[in-house]
Amino acid sequence: MKNPPLTLASAIILRAVSEGHCYGFEIMEATGLPSGTIYPALRRLEEARLIRATYHKSADSESQGPPRRYFRTTAEGERALDAACKRYPVVAARGA
């Protein structure tokens, strides 16, 4: 089943991930979007197989938090991003 076109926010987030912004807080800083937008969109992008997450424990020995999720785009995600750049010129301009 083909994924529907991305929303503008999802396209911006996918662009940030494709540019190497790999985890939630870093994506928030790169996009200026709030966590209430970022995390649900990351979940949807992962369910659509446009991004893939891996878990890594913090190198900081004092960190007691859960492993950090690092995201990267999939080949399908790159194709979806190309389509989104055509649909949303502002997304294409972000990578220029």
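Some observations on this one:
- Count - residues of segment 1-35 that are in a loop (DSSP other than H, G, I, E, B) and among the hydroxyl-bearing types (S, T, Y): 2
- Residue check, A92 surrounded by 14 or more Cβ atoms within 10 Å (Cβ to Cβ), in contact with a helix residue (DSSP H, G or I) (Cβ under 7 Å, 6 or more places away or on another chain) and modelled with pLDDT of 90 or more: no
- Criterion (of a type in the set (A, V, I, L, M, F, W, C), surrounded by fewer than 17 Cβ atoms within 10 Å (Cβ to Cβ) and either under 15 Å from V91 (Cα atoms) or at pLDDT below 95 (or both)) met by exactly one of L8, L14: L8
The values are calculated or read from the model by the stated rules, or taken from the named source; none is laboratory data. The structure displayed is predicted, hence computed values, not measured ones. Ideal geometry is used to build each Cβ from the backbone, glycine not excepted, and the neighbour counts take in all protein chains shown.
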